[in-house]
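Q: Submitted below is the structure of interest, expressed as structure tokens.
The values are calculated or read from the model by the stated rules, or taken from the named source; none is laboratory data. It should be emphasised that the depicted structure is a prediction, and the values quoted were computed from it without experimental measurement. A quick note on method: Cβ atoms are made from the backbone with ideal geometry, for glycine too, and the neighbour counts reach across all protein chains shown. Just so you know, the surface numbers come from the protein's heavy atoms only, side chains and all, with ligands and any DNA or RNA stripped out. Shrake-Rupley method; radii C 1.70, N 1.55, O 1.52, S 1.80 Å.
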Amino acid sequence: MKTNKDRVQWLVLMGVAGTVFYFLHVILGEINYPGYHPLEQAVSDLTAATAPSREIASAYSTVYAFFTVTACTLLCVFYQGRVNRIFRLGIYLFTVMEWISAIGYTLFSLSSSGYAGTFQDVMHMVVTAFVVLLSITSMILIAVGCFRSKVHKRFGIFTIAVLGIMAFGSIATGIVPVGYFGIAERLSVYSVVVYGAVLSLLTFKHSI
């Protein structure tokens, strides 16, 4: 039993590796997108159908998605019978969110930079709505589960902090000047990506 547990914990580190590939898709995508303005443009623009960076950015994004959904699925396995039911439900919903994100954004990338109003773009926004809703719900449940367990309060506090940053970024995208949309969007997106990596790393250390 111990061997199986250790193997799962090692494999969960794919979540950390996935985060590395996520930021590589951003960095290399920006390098291969002449005229891209990160302060005002969304990360999704890098994989848009007409983006010059689509090929390379999509390749790294696909690796990120594979590693992340695999790691999250393993988190569901690892936490069976651990911590408490509320915490586990949060983990399950976080995993569902990652699956929807991986499949949804692959099928419905933006048709072009920004929002052109095509069916592809509408579906992209629908996927985003589900991702945001599930992210918020799962983090709230994980935080509540941590506080109820008494011995995991630090991670609960960390979860609330990340949730606050994500929520602030999501709200800010609708109120900041167009020239700063990219910053607000990144606050929301990056917080979830980093959170997944930290969750994987702490699971590996078995500190929560």
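Q: List the pairs whose first member sits in region 114-140 and is more than 23 Å from Leu199 (Cβ to Cβ) and of a type outside the set (Ser, Thr, Tyr), whose second member is open to solvent by 40 Å² or more (accessible area, probe 1.4 Å) and not in a helix (DSSP H, G or I), and whose Cβ atoms are under 6 Å apart, counting only residues at least 6 apart or on separate chains?
A: If the second residue must be open to solvent by 40 Å² or more (accessible area, probe 1.4 Å) and not in a helix (DSSP H, G or I), the pairs left are Gln120/Phe108; Asp121/Tyr115; Met123/Phe108; His124/Phe108.
Q: Do we have any residue at all in region 36-46 that's within 21 Å of Ile140 (Cα to Cα), in contact with a Ser or Thr (Cβ under 9 Å, 6 or more places away or on another chain) and among the hydroxyl-bearing types (Ser, Thr, Tyr)? Outline the logic, then answer.
A: Of the residues in region 36-46, the ones within 21 Å of Ile140 (Cα to Cα) are none.
No, every residue in region 36-46 fails to be within 21 Å of Ile140 (Cα to Cα), in contact with a Ser or Thr (Cβ under 9 Å, 6 or more places away or on another chain) and among the hydroxyl-bearing types (Ser, Thr, Tyr).
Q: Which of the residues that make up region 192-208 are in contact (Cβ under 8 Å) with a residue 60 or more places away in the chain, buried (at least 17 other Cβ atoms within 10 Å of the Cβ), more than 17 Å from Val26 (Cα to Cα) and out of contact with any Cys (no Cβ under 8 Å at 6 or more places or on another chain)?
A: Hits for region 192-208 are Leu199, Ser200, Thr203, Phe204.
Q: With the condition kept exactly as written, say whether any residue in region 71-87 is among the small types (Gly, Ala, Ser) and touching a residue at least 12 places away in the same chain (Cβ under 8 Å).
A: Yes, because at least one residue in region 71-87 is among the small types (Gly, Ala, Ser) and touching a residue at least 12 places away in the same chain (Cβ under 8 Å).
Q: Go through region 73-118 and give me each residue that's part of a helix (DSSP H, G or I), of a type outside the set (Val, Ile, Thr) and closer than 22 Å to Thr173 by Cβ.
A: Going residue by residue through region 73-118, those that are part of a helix (DSSP H, G or I) are 73-78, 85-107.
Narrowing the set further to residues that are of a type outside the set (Val, Ile, Thr) leaves 74-76, 78, 85, 87-90, 92-94, 97-99, 101-102, 104-105, 107.
If the condition is that a residue be part of a helix (DSSP H, G or I), of a type outside the set (Val, Ile, Thr) and closer than 22 Å to Thr173 by Cβ, then Phe94, Met97, Glu98, Ser101, Ala102, Gly104, Tyr105 are the ones that fit.
Q: Can I ask one more? Just to be sure before I move on: is Val144 at pLDDT 95 or above, within 21 Å of Thr19 (Cβ to Cβ) and part of a helix (DSSP H, G or I) in the structure I sent?
A: So Val144 does not fit the description; no.
Q: Moving on. For residues that are at pLDDT 95 or above and polar (S, T, N, Q), tally how many sit in region 1-28.
A: Residues in region 1-28 being at pLDDT 95 or above and polar (S, T, N, Q): 1 in total.
Q: Right, another one. May I ask you to list the residues in region 152-191 that are touching a residue at least 60 places away in the same chain (Cβ under 8 Å), open to solvent by 10 Å² or more (accessible area, probe 1.4 Å) and in a helix (DSSP H, G or I)?
A: Across region 152-191, the qualifying residues are Val178, Gly179, Tyr180, Phe181, Ile183, Glu185, Arg186, Val189.
Q: Within region 29-52, restricting attention to residues that are at pLDDT below 95 and small (Gly, Ala, Ser), which residue is farthest from Tyr79 (Cα to Cα)?
A: That would be Gly35.
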